Amino acid sequence: MQKKITIAIDGYAGCGKSTLAKALAKALNYTFIDSGAMYRAVAFYCLENGFISENDEIDSTQLLKQLDQLSINLSPDQKVWLNNQDITEVIRSPKVARVVSKVAAIKAVRTKLVELQRQMSVGGGIVMDGRDIGTVVFPNAELKIFVTASIEVRTQRRLAELKTKGEDIDQEAVQHNLLDRDHQDSTRAESPLKQATDAVVLDTSALSREEQLDWALSRVALLVTD
Ligand code: DC
């Protein structure tokens, strides 16, 4: 039997990390874990419970009081559950995207989610994407991929994705959100987004999904032998 490895995929918002991670997990018969969905779940909870003000300030005292009671699950069919409620679609809204980086900067939130991410990955055969997977969650992952793409390409891809979901949002707002999140995610004190020193870089700007997958599979093949 082939050795099952841990694959960490990190990078900026909208580079295609989750798409690649999902395809890679499918091709290898591994488990895919979208760690960003977990941060989005907490952001959604904050919005639903009124912990976020009109000007996007978070009442972290209220959140921290309830954090222990939050149950977040990712099912094998890629659905995201918060306290047994299916929140798969709602966490992709621009409203959640606007506040999620602030929620992800809270230390206690990160501690809880990193622990959960490690519990979900016991046994290996994991592809997890996020911002701190290769640096913090799995510093010993056998394969670390740092995904990049130009801001123009990222904006167009995200815009197309939101339009197919019927979201009415303009190009400027999408680009602003991507850049704003990148800035917040890479400058925060807790586990900022950065490339692990032993990560390989994949620029997806000019690559099709198939080309990205082929590239990643060739990297895996270098590490996995019969
Ligand atoms: O991958 P995504 O765009 O769904 O992630 C949503 C936000 O969650 C992102 O702006 C930063 C945060 N995040 C994080 O801080 N650490 C992770 N491992 C994954 C996501």
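Let me spell it out: the conditions are (1) of a type outside the set (A, V, I, L, M); (2) within 13 Å of the ligand (Cβ to nearest atom); (3) in a loop (DSSP other than H, G, I, E, B), and THR111 meets all of them except one. Which number is the exception?
Looking at each condition in turn, THR111 falls short on (3).
Between a first residue in region 19-44 that is under 24 Å from THR225 (Cα atoms) and without any contact (Cβ under 8 Å) to a residue 40 or more places away in the chain and a second residue that is more than 12 Å from the ligand (Cβ to nearest atom) and not β-branched (Val, Ile, Thr), which pairs have beta carbons less than 9 Å apart while being 6 or more apart in sequence or on different chains?
Qualifying pairs under 9 Å: LYS26/PHE32.
Inside region 79-113, can you point out the residues that are touching a strand residue (DSSP E or B) at 6+ places or on another chain (Cβ under 7 Å) and loosely packed, with under 14 Cβ neighbours inside 10 Å?
If we filter region 79-113 for residues that are touching a strand residue (DSSP E or B) at 6+ places or on another chain (Cβ under 7 Å), which is where we start, we get 79-82, 87-88, 91, 99, 102-103.
Correct list: LYS79 only.
So, in region 75-89, exactly how many residues are touching a Phe, Trp or Tyr at 6+ places or on another chain (Cβ under 7 Å), under 21 Å from ALA21 (Cα atoms) and modelled with pLDDT of 95 or more?
Looking only at that region, the number is 1.
Scanning for something out of contact with any Pro (no Cβ under 6 Å at 6 or more places or on another chain), among the aromatic types (Phe, Trp, Tyr) and closer than 25 Å to ALA104 by Cα, does region 209-216 turn up at least one residue?
First pass over region 209-216, keeping only residues out of contact with any Pro (no Cβ under 6 Å at 6 or more places or on another chain): 209-216.
Pick out the ones that are also among the aromatic types (Phe, Trp, Tyr) and you get 215.
Okay, now just the ones that are also closer than 25 Å to ALA104 by Cα, so none.
No, every residue in region 209-216 fails to be out of contact with any Pro (no Cβ under 6 Å at 6 or more places or on another chain), among the aromatic types (Phe, Trp, Tyr) and closer than 25 Å to ALA104 by Cα.
Table: residues versus (1) over 20 Å from the mean Cα position of the chain (by Cα); (2) of a type in the set (Asp, Glu).
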{"residue": "ILE58", "(1), (2)": "yes, no"}
{"residue": "LEU64", "(1), (2)": "yes, no"}
{"residue": "LEU67", "(1), (2)": "no, no"}
{"residue": "ASP77", "(1), (2)": "no, yes"}
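The values are calculated or read from the model by the stated rules, or taken from the named source; none is laboratory data. No experiment lies behind these values; they were computed from the predicted model shown. As a convention, Cβ positions derive from the backbone with ideal geometry for all residues, glycine included, and neighbour counts pool all protein chains shown.
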